[in-house]
1. If I ask for residues that are of a type in the set (D, E) and part of a helix (DSSP H, G or I), which ones from region 171-196 would you list?
2. Condition first: of a type in the set (D, E, K, R), touching a residue at least 60 places away in the same chain (Cβ under 8 Å) and over 24 Å from R231 (Cα atoms). Can you find one or more residues in region 181-198 that meet it?
3. Which residues, taken from region 77-118, are surrounded by fewer than 17 Cβ atoms within 10 Å (Cβ to Cβ), outside any loop (DSSP other than H, G, I, E, B) and among the polar types (S, T, N, Q)?
4. Would you mind finding the one in R178, R183 that is crowded, with 21+ Cβ neighbours inside 10 Å, at pLDDT 95 or above and of a type in the set (D, E, K, R)?
5. Do we find a residue being in a helix (DSSP H, G or I), among the charged types (D, E, K, R) and under 30 Å from M102 (Cα atoms) anywhere in region 157-169?
6. Can you tell me which residue within region 1-51, out of those that are crowded, with 17+ Cβ neighbours inside 10 Å, assigned to a loop (DSSP other than H, G, I, E, B) and hydroxyl-bearing (S, T, Y), is modelled with the lowest pLDDT?
7. Take R126 and tell me if it is of a type outside the set (A, V, I, L, M, F, W, C), surrounded by fewer than 16 Cβ atoms within 10 Å (Cβ to Cβ), in a loop (DSSP other than H, G, I, E, B) and within 20 Å of the chain's Cα centre (by Cα).
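The values are calculated or read from the model by the stated rules, or taken from the named source; none is laboratory data. Just so we're clear, the structure is a prediction, and the values are computed from it rather than from any experiment. Note that each Cβ is placed from the backbone with ideal geometry, even for glycine, and that neighbours are counted across all protein chains shown.
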Amino acid sequence: MSEDKSLSGKNALVIGGGSGMGAAAALALARSGAQVAVSGRREGKLREIAEGAPQGALLQGYAADVRDRGSLTALFEWHDSNFPSLDIFINAAGINIPNRTMEDLSPNDWDKVIGINLTGAYDCLRLAIERMRPRKDGLVVMINSVSGKRSNPLGGVAYNASKFGMTALGACVAEEERENGIRITNIFPGEVNTPILDQRPVPPTEEHRAGILQSEDIAAAVLMLAKLDSRAHVPELVIKPTSQSYL
């Protein structure tokens, strides 16, 4: 694989692309020559991202809500009508909540986190592989979290449960679809400086944010996966801040 390998001719869809890691991944793919559709709930944010694409790049936005199956179906049908194929699918949709302990976690907050982080991941994955299976080719990148490998109090009950479920979802479907040429990767980032940090009970300082991963680091990992030959599959990828322990 060459670092300069172009993604020209590849068509990508990024969900959860209105900010953070999803937005960075969409822009990185567009800069490398892919035709990119980016989706999120806020049309204004999607317009900003499209306007930030390099001159000559194709990056289109389409507003959709990962919690709404009808909205997701409409998104994928729009993609079918505007792009010749779905070669690369990135799921970066995810949330957390301030009340994270079992004592403080309400049923409504549980449903919200599981609905977006896990059920939304299932719905998106189902729609993506339906389009990849007939072509016997495709890359799915699920931007997960180290909380999907190691439960920790900071992430909280609902978030940890949703991310462990996402890990199992990606691994099971990857095994089912490998003979169909579909590669599914769970990326497990450690702390990343994204808006989700604002949902912590005590948001981190600017100094702390500067010393952890940035969205561009995750985008670089996505780009590496997208440029691998289709014979190569990376099931899991952990990426963490250098200064933080993984023991």
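1. Taking region 171-196 and keeping what is of a type in the set (D, E), we get 175-177, 179, 191.
Result: E175, E176, E177, E179.
2. From region 181-198, those of a type in the set (D, E, K, R) are 183, 191, 198; that's our starting set.
The next check asks that each one be touching a residue at least 60 places away in the same chain (Cβ under 8 Å); those that pass are none.
No; the residues of region 181-198 include none that is of a type in the set (D, E, K, R), touching a residue at least 60 places away in the same chain (Cβ under 8 Å) and over 24 Å from R231 (Cα atoms).
3. Answer for region 77-118, where residues must be surrounded by fewer than 17 Cβ atoms within 10 Å (Cβ to Cβ), outside any loop (DSSP other than H, G, I, E, B) and among the polar types (S, T, N, Q): S81, N82, N108.
4. Numbers: R178 fails: crowded, with 21+ Cβ neighbours inside 10 Å.
After ruling out the rest, the residue left standing is R183.
5. Of region 157-169, the ones in a helix (DSSP H, G or I) are 157-169.
Of the ones still in play, those that are also among the charged types (D, E, K, R) are 163.
Going one step further and asking which of them are under 30 Å from M102 (Cα atoms), we end up with 163.
Scanning region 157-169 turns up at least one residue that is in a helix (DSSP H, G or I), among the charged types (D, E, K, R) and under 30 Å from M102 (Cα atoms).
6. Applying the filter and picking the extreme gives S19.
7. On the way: of a type outside the set (A, V, I, L, M, F, W, C): yes; surrounded by fewer than 16 Cβ atoms within 10 Å (Cβ to Cβ): yes; in a loop (DSSP other than H, G, I, E, B): no; within 20 Å of the chain's Cα centre (by Cα): yes.
When the stated conditions are applied, R126 does not pass them.
Residue-wise test of (1) within 24 Å of M224 (Cα to Cα); (2) out of contact with any Asp or Glu (no Cβ under 9 Å at 6 or more places or on another chain); (3) acidic (D, E).
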{"site": "K45", "(1), (2), (3)": "no, yes, no"}
{"site": "R69", "(1), (2), (3)": "no, no, no"}
{"site": "G94", "(1), (2), (3)": "yes, yes, no"}
{"site": "P107", "(1), (2), (3)": "no, yes, no"}
{"site": "K112", "(1), (2), (3)": "no, yes, no"}
{"site": "G115", "(1), (2), (3)": "no, yes, no"}
{"site": "I129", "(1), (2), (3)": "yes, no, no"}
{"site": "R133", "(1), (2), (3)": "yes, no, no"}
